[in-house]
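The values are calculated or read from the model by the stated rules, or taken from the named source; none is laboratory data. Being a predicted model, the structure only gives us computed values, none of them experimental. Virtual Cβ from ideal backbone geometry, glycine too; neighbours counted across all protein chains shown. These area figures cover heavy atoms from the full protein model, side chains too; ligands, DNA and RNA do not enter into them. Shrake-Rupley method; radii C 1.70, N 1.55, O 1.52, S 1.80 Å.
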Amino acid sequence: MEIADMIDLAQPYMAYLKAILILVVAVIVIGFISRFIERYLSTTILPSDTQNLLRRTVVYILWFIAIMSIMAELNLENILMPIIGASVFIGAAVALAVKNILADALAGVFLLLDRHFNIGDQIETMKYKGEIIDVTLRKTRVKIDDGTIVILPNGKIDSSGWMLYTKTTETEGN
């Protein structure tokens, strides 16, 4: 059997081999990029949950690109286009269902990045006045004067505003 005959025999399987090659390269490259982003973000002042959210977003986008490349190589885009179109509507419905969660998370990113207030500061927001004891991506916990801990969504805090009574600094602790 000559080499030309072997190439002719392998021709029907070339698309599958290319798809497997794309998958293997994607696993390696996406793993490398994920570790690189994780190392880079660990040197920033971003909270760990924000770092994780950013890293995952990049990884999901890269996987989407890899899967679309595999589908194009296997000529599956015509078969799967209606499914992808339907998934857009499903995604829109899910986004509408979780819009408050997304709003809280986005407001949390801005509150954490802007650093207008920190743990230990006295604030007044949404009829509550007290000391901030925790700020996460979605929620802020405030301990009011009677010792009750109130958990407030970051989207509501950001939209209603707040008054900052005490700004703690690193030198106050010394």
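Taking 0.36 nm per intervening residue step and subtracting the Cα-Cα distance, what contour gain separates Asp5 from Asn118 on full extension? Show your work: numbers first, answer last.
Details: separation 113, 0.36 × 113 = 40.68 nm, distance 7.14 nm.
Length gained between Asp5 and Asn118: 33.5 nm.
What spacing in nm lies between the two simple spin-label points modelled at Val59 and Met163, each 7 Å away from Cα in the Cβ direction?
Spacing of the two 7 Å Cα→Cβ label points: 4.5 nm.
Just to be sure I understand the curve: with the Debye formula and one point per C-alpha of segment 46-125, what is log10 I(q)/I(0) at q = 0.15 Å⁻¹?
So the normalised log intensities work out to -0.78.
Round to the nearest 10 and give me the degree value, 0 to 90, for the angle of helix 48-73's Cα axis relative to the longest principal axis of the chain.
20 degrees
Taking 0.36 nm per residue of sequence separation and subtracting the Cα-Cα distance, how much length would be gained by fully extending the chain between Gln51 and Phe36, in nm to one decimal? List each step's numbers first, then the result.
Details: separation 15, 0.36 × 15 = 5.40 nm, distance 1.22 nm.
Fully extending the segment from Gln51 to Phe36 adds 4.2 nm.
Based on the Cα coordinates of the chain, what is the per residue volume of their convex hull in Å³? The partial results should precede the final answer.
Values: hull volume 25.9 nm³, N = 174.
Taking only Cα atoms, the chain has a hull volume of 149 Å³ per residue.
For Val94 and Leu76, compute 0.36 nm times the residue count separating them, minus their Cα-Cα distance, and round to one decimal in nm. The partial results should precede the final answer.
Values: separation 18, 0.36 × 18 = 6.48 nm, distance 2.59 nm.
Between Val94 and Leu76, full extension yields an extra 3.9 nm.
Compute the signed sum of charges (Lys and Arg +1, Asp and Glu -1) over the other residues within less than 15 Å, Cβ to Cβ, of Val24.
Numbers: positive: Lys18; negative: Glu73.
The answer is 0.
Working from Cα positions, state the angle (0 to 90°, nearest 10) between the long axis of helix 14-42 and the longest principal axis of the chain.
Helix 14-42 sits roughly 20 degrees off the main axis of the chain.
As a test question: what accessible area, to the nearest 10 Å², does Ser159 have when a 1.4 Å probe is rolled over all protein chains in place?
100 Å²
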